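The values are calculated or read from the model by the stated rules, or taken from the named source; none is laboratory data. These figures come from a predicted structure and were not determined experimentally. Every residue, glycine as well, gets a Cβ built from its backbone with ideal geometry; the counts of neighbours run over all protein chains shown. When the accessible area is computed, the model is the full protein with side chains, heavy atoms only, and any ligands, DNA or RNA have been set aside. Shrake-Rupley method; radii C 1.70, N 1.55, O 1.52, S 1.80 Å.
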Amino acid sequence: MEGVIDAVTRELLANRGGIDWAVTEFVRVVDTRLPPRVFHKHCPELLSPQVTTSNGIPVHLQLLGSDPRALAANARQALRLGATSIDLNFGCPAKTVNRHDGGASLLRDPARVQRAVEAVTHAVDGAIPVTAKLRLGYADYRLARACAQAAEAGGANHLVVHARTRNEGYRPPAHWEWIARIRHRVAIPVIANGDIWTLEDYWRARSLSGCTDVMLGRGALADPDLPARIRHWQRTGERLPETPWAVRGAILADYAALQRTTLPERVVVALLKQWLNHMRDRHEEARARFALLRRETGLDAFLRGLASVEGPAGSGRTASVHRSRDRTHTESPAP
Ligand SMILES: Cc1cc2nc3c(=O)[nH]c(=O)nc-3n(C[C@H](O)[C@H](O)[C@H](O)COP(=O)(O)O)c2cc1C
């Protein structure tokens, strides 16, 4: 997720478990071949032997663009730099991106989706998989199936479908049932995405879409243990308990420490606020800490506020952080 899930975040989320692979923020392709530093900035994992997080979770490089020739040139560049999979973004709703004919704007014309995927598939010539991230359409759902079929015809190895149109932005609800309609029209795997915040959402998305696998965006930021929660439930039928604040606070503290190695303090504080903001709608304690810290600008004070034992109203004594996952308890299989 652009501006949100960078390599540090991928690393921390991958460490919590339950993730099969991660995708970079999009690399914006216009009409030139981008230099290696751009790829390394978006995907520092390219410098690791297998392009993975340190615990071995593969990281796929995402390109966003509309010009098949430029996409092909950058796919070749990515391949040369060691990319092990390329994902193409046909979902970005941002006005600036769409105005320049990128992201979801291509969903108005399935032939253009096909040409973009085809160009990249030919460029990498089977050396690595090419995948596509779609929405259900631009303004309506009429071309949802045609766009998915176009991506498949272009050579995509799998599709991730965010179950909303571009114009629906991020407004609930996600229309998971539409993913089932798409799934019936293509032979390649389809992965459901959009508004999966809890185990119950996973279950509903899975039931309505027919997809076993889901992609998590904001839900994994709101609850960094959601992927592990889903995986654990898939394997055992047991529910993991809610992740306590101390563990969430420790993840944020680790995040700050890692970001601080390369970024100025004020940027790290802004990033911490951003992540805490993603947590607050889904966690009482996160909401209270966000309210307390939203105007804080000093990193040390912010970290003290995250760790104080008494919580937001407390004196600022710091708790020891718990890094181990809580014990499991067993419940009925259906969440
Ligand atoms: C701030 C932000 C940045 C995003 N950046 C990307 C991106 O770079 N590439 C991408 O494929 N999707 C991006 N997305 C979309 C998410 O991947 C996902 O499809 C969407 O948020 C719905 O899933 P969720 O409800 O699990 O978040 C972004 C979403 C947000 C909110």
Inset, instruction - Quick one: in the range 187-197, of everything that is of a type outside the set (D, E, K, R) and open to solvent by 20 Å² or more (accessible area, probe 1.4 Å), which residue is nearest to the ligand (Cβ to nearest atom)? - result: W197
Inset, instruction - Please determine, by comparing only the residues of the range 201-252 that are among the β-branched types (V, I, T) and part of a loop (DSSP other than H, G, I, E, B), which one is nearest to V190 (Cα to Cα). - result: T212
Inset, instruction - Assess whether G17 counts as being farther than 23 Å from E152 by Cα, modelled with pLDDT of 95 or more, touching a Lys or Arg at 6+ places or on another chain (Cβ under 8 Å) and more than 14 Å from the ligand (Cβ to nearest atom). - result: yes
Inset, instruction - Quickly run through the range 53-70 and pick out the residues that are in contact with a strand residue (DSSP E or B) (Cβ under 8 Å, 6 or more places away or on another chain) and more than 15 Å from the ligand (Cβ to nearest atom). - result: T53, I57, P58
Inset, instruction - Residue by residue through the range 48-76, note down the ones that are polar (S, T, N, Q) and open to solvent by less than 10 Å² (accessible area, probe 1.4 Å). - result: T53, N74
Inset, instruction - Having 1 or more residues that are among the hydrophobic types (A, V, I, L, M, F, W, C), within 28 Å of N167 (Cβ to Cβ) and touching a residue at least 60 places away in the same chain (Cβ under 8 Å) is the bar; report the helices (runs of 4 or more DSSP H) wholly within the range 1-104 that clear it. - result: 95-99
Inset, instruction - Considering only residues that are charged (D, E, K, R) and either within 19 Å of A83 (Cβ to Cβ) or surrounded by 14 or more Cβ atoms within 10 Å (Cβ to Cβ) (or both), look in the range 20-47 and name the one that is nearest to the ligand (Cβ to nearest atom). - result: E25
Inset, instruction - Considering each of E238, E177, E200, E242 in turn, give the residue that is open to solvent by 50 Å² or more (accessible area, probe 1.4 Å) and touching a strand residue (DSSP E or B) at 6+ places or on another chain (Cβ under 9 Å). - result: E177
Legend entry - From the options R280, R294, R289, residue that is of a type outside the set (D, E), open to solvent by 60 Å² or more (accessible area, probe 1.4 Å) and in contact (Cβ under 8 Å) with a residue 12 or more places away in the chain: R294
Inset, instruction - Give me a count of the residues in the range 129-154 that are buried (at least 19 other Cβ atoms within 10 Å of the Cβ), closer than 20 Å to V59 by Cα and not hydroxyl-bearing (S, T, Y). - result: 4
Inset, instruction - Would you confirm whether any residue within the range 260-269 is in contact with a strand residue (DSSP E or B) (Cβ under 7 Å, 6 or more places away or on another chain), outside any helix (DSSP H, G or I) and either touching a residue at least 60 places away in the same chain (Cβ under 8 Å) or open to solvent by 50 Å² or more (accessible area, probe 1.4 Å) (or both)? - result: no
Inset, instruction - Please verify whether the range 227-235 includes one or more residues that are within 13 Å of the ligand (Cβ to nearest atom) and touching a residue at least 12 places away in the same chain (Cβ under 8 Å). - result: yes
Legend entry - Those residues of the range 105-152 which are among the β-branched types (V, I, T) and without any contact (Cβ under 8 Å) to a residue 40 or more places away in the chain, in sequence order: V117, T121
Legend entry - Scan of the range 126-174 for residues that are within 14 Å of the ligand (Cβ to nearest atom), more than 30 Å from V51 (Cβ to Cβ) and either at pLDDT below 95 or part of a loop (DSSP other than H, G, I, E, B) (or both), ordered by number: E168, G169, R171, P172, P173
